[in-house]
Amino acid sequence: MGMTITEKILARASNKKSVTPDDVVIANIDKVMIHDVSGPGVIKVFSEWEKKGINLDQIWDPDRVWISEDHFVPASDRISANNITLLTNWSKKFNIRKHFKYGLGQYGICHTLSHEEGLVLPGEIYVGGDSHTNTTGAMGALAVGLGHTDIAYVLMNGKIWFKVPETIRFTINGDKPEYIMAKDIILKIIGDIGTDGANYKAMQFTGETVDKLSMEERLTLTNMSTEAGAKNGIIEPDDITFEYLKTRTDMEFIPVKGDFDASFSNTFTYDIETLDPVIAKPYSPENICAVGDIEGEIIDKAYIGSCTGAKLEDLRMAAKILKGKQVKIRTEVLPAAQSIYLKAINEGLVSIFLEAGAVVGPPTCGACCGAHMGVLAKDEICISTTNRNFPGRMGHVESQTYLASPLVVAAAAINGKITDPRNEM
Amino acid sequence: MNILRGRIHKYNKDNIDTDVIIPGPYLKIHDHKELGKHAMEGIDPNFSEKICEGDFLLTGKNFGCGSSREHAPIALHEVGIRAILSPSFARIFYRNAVDGGYLLPIEIDPASIDKISDKDEIEIDLDTNTITNTTTREEFNIKPFPEIISKIVKAGGLLYYKE
């Protein structure tokens, strides 16, 4: 019996010839990420360990670790400012050179940096102190989110236990219509399988549509595998992956693909040509319907941001709708990384947003996780390119968030109500 | 040793997510006691006042879905919760609860939920994989921990677990 790409990577990393779902393996880790929320959490774990007599003078491999300042930048108050200082001192102490600092060159949302900077390579195992670490699986890597204790353990030992997940295959076929984005596809999938539909499992995306999707669009699919509960989302690497990495890193890698006779616990097949733009209503990413079904519902705010919805192509798509128009509701655009922000300026996208009346802010997780920088008031209704809309996710527990593609969000921004993007294209 | 006794706090809702267990603005806080004060604030603002040391939660399926924030099991542990009974858990929450040694994620048959009421006293026996509702005298099976989880639980967390 052959192995899937996920199984092959876990077998390689645990020095085994083969693994099958439900095996427990101890896998050697290739890359680790922490940010300004999980970092201080990991530091806290280290300090608890110190009280128990375990002192760490060095971590396993500082060159395999990077740090991102993204959740509470710009610092929202004294506590978050102190967290940045704590993290900065800690990264110096442990000689972690890849620390992407707010206001000091390239920085941005950790998941965006992982691909934008070519930090994770095909075939690698990458763990991050954030649930949307799954994003980077689009590079053909096994990318898994972990908590503070697990990350601290990896920083000490360079390895950790995994249960080999079953893989569900999602085959997407057909020519992608111009009004459909990867966001519509993944929302449709989550609507079908639910927020626990892939719990403990791997979600592998394949098919002729995925083969043609750009790297950034593929990253939207894997990003929101988290919202279906998946351990990881993954796409086998191909020429699009290699071309994307060529301009970003000269590190060598050994790409991995699944065997032809690999076994999947389930397969779902979609025809993208018949898909209408999709929206997730409050209060769950699985609560989906066609945008057309709720057209005209009034919205207070449009948010174009986050690792899921503010990559360069997301901004291009939003700009396509906003060009020469005026927004009718508060609209915020936050590119996902400094490099993307600069590209958006050079391409004229930022002018389009500003001329339309939107505000363009610095890269941050900010309001996506209800932390700061534009959180929602009680009863306020937001349409957002982000990935979660649980109660209180973007602000007050009685605020509401609709999740949709940048095209759908931009169409709502200029009309002040939910609008099928086909009416604006 | 392997029997835990406590009182049930029932929140019979599926998909109780980490944004509800410990809302985003508290992510910057790493003082465990402070986090405990805000546990479950998104579903019950008075939660922390109701809990006594050693109490249990009973919830619907997919408890802890959403983010990887370890703040979630930390806040619940800090306020006194020692086990959560649910038909299923989101994977990162489950891992964090076990590897950090904060609390026990106990998987139960969905049909058991209706047979346990808020404030019932129960006993969890990890040797026989059963729970007894001492208020109603009913007994239920729980799903045994997989071997690795059982070992990490016994060790008191991943740090103390030896391969």
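Laid out as a table, the results:
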| item | result |
| --- | --- |
| Among A:PHE260, A:PHE46, A:PHE72, residue whose mean-square fluctuation peaks in a GNM of chain A (springs only between Cα atoms under 10 Å) | A:PHE260 |
| Kirkwood estimate for the range B:108-160, i.e. one over the average of 1/r between Cα atoms, Å | 12.4 |
| Compactness of the protein assembly as shown as Cα Rg over 2.2 N^0.38 Å, two decimals | 0.92 |
| Those GluC sites (Glu not before Pro) in the range A:190-292 that DSSP places in a loop and that have at most 13 other beta carbons within 10 Å | A:GLU252 |
| Inter-part distance where the range B:1-59 and the range A:101-147 are each reduced to a Cα centre, Å | 30 |
| Relative contact order computed over chain A (Cα-Cα under 8 Å; 6+ residues apart), in percent | 18 |
| Phi to ³J(HN,Hα) by Karplus 6.51 cos²θ - 1.76 cosθ + 1.60 over the range A:101-109, Hz, x for Gly, Pro | 9, 4, x, 9, x, 4, 7, x, 5 |
| Candidate lysines - alpha carbon under 17 Å from A:LYS17, same-chain residues fewer than 8 apart omitted | A:LYS8, A:LYS163, A:LYS257 |
| Fewest-first ranking of A:THR88, A:THR209, A:THR386, using other Cβ atoms within 10 Å as the exposure measure | A:THR88, A:THR209, A:THR386 |
| Residue-wise HN-Hα coupling along the range B:144-157, computed from phi with Karplus coefficients 6.51, -1.76, 1.60 (Hz; x: Gly, Pro) | x, 5, x, 3, 5, 5, 4, 5, 5, 4, 5, 6, x, x |
| Antiparallel bridge percentage (DSSP; both residues within the protein assembly as shown; nearest 5) | 30 |
| Charge context of A:HIS35, other residues only, Cβ under 10 angstrom, K/R +1, D/E -1 | -4 |
| Shielding by partners, peptide A:386-392 (average Cβ within 10 angstrom, other chains) | 5 |
| Over 31 Å (Cα to Cα) - which of A:LYS281/A:LYS323; A:LYS201/B:LYS10; A:LYS16/A:LYS44; A:LYS52/A:LYS93 fall in this group | A:LYS16/A:LYS44 |
| Global form of the range B:40-111, assessed from the alpha-carbon gyration tensor, a/c cut-off 1.5 | rounded |
| Prolate/oblate/rounded label for chain B (Cα gyration tensor, a/c 1.5) | oblate |
| Packing-based exposure ordering (other Cβ within 10 Å, fewest first) of A:LYS17, A:LYS343 | A:LYS17, A:LYS343 |
| Residue among A:VAL65, A:VAL127, A:VAL397 with the largest mean-square fluctuation in a Gaussian network model of chain A, springs linking Cα atoms under 10 Å | A:VAL397 |
| Averaged over A:43-49, number of beta-carbon atoms from partner chains that fall within 10 Å | 2 |
| Loop GluC sites (Glu not before Pro), the range B:32-71 (other Cβ atoms within 10 Å of the site Cβ: 14 or fewer; DSSP) | B:GLU53 |
| Ascending count of other beta-carbon atoms within 10 Å, so fewest first, for A:ASP150, B:ASP14, A:ASP22 | A:ASP22, B:ASP14, A:ASP150 |
| Shape of the range A:289-424, Cα gyration tensor, a/c cut at 1.5 | oblate |
| Other protein chain Cβ atoms within 10 Å, averaged over every residue that makes up A:124-136 | 2 |
| Whole-angstrom gap from the range A:281-302 to the range A:339-372, using each part's C-alpha centre | 23 |
| Trypsin sites (Lys or Arg not before Pro) restricted to the range A:52-84 and DSSP loop, no more than 10 other C-beta within 10 Å | A:LYS52 |
| Local electrostatic count at A:ILE79 - Lys and Arg +1, Asp and Glu -1, tallied over other residues with Cβ under 12 Å | -2 |
| Sum of -39500 (n - 2.57) over DSSP H runs of 4+, divided by residues of chain A (222 nm, nearest 500) | -9000 deg cm²/dmol |
| For the range A:391-404, 3J(HN,Hα) per residue [Karplus equation, 6.51 cos²θ - 1.76 cosθ + 1.60, θ = phi - 60°, Hz, x = Gly/Pro] | x, x, 4, 10, x, 4, 5, 9, 7, 10, 10, 9, 9, 7 |
| Net +/- balance of residues flanking A:THR308 in space, Cβ distance below 10 Å, scoring K and R +1, D and E -1 | +1 |
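Taken together, the values in this text are just the output of simple stated rules run on the coordinates, not laboratory data. All of these numbers come straight from a predicted model, not from anything done at the bench. Cβ coordinates were reconstructed from backbone atoms using ideal geometry, including for glycine residues, and neighbour counts include every protein chain displayed.
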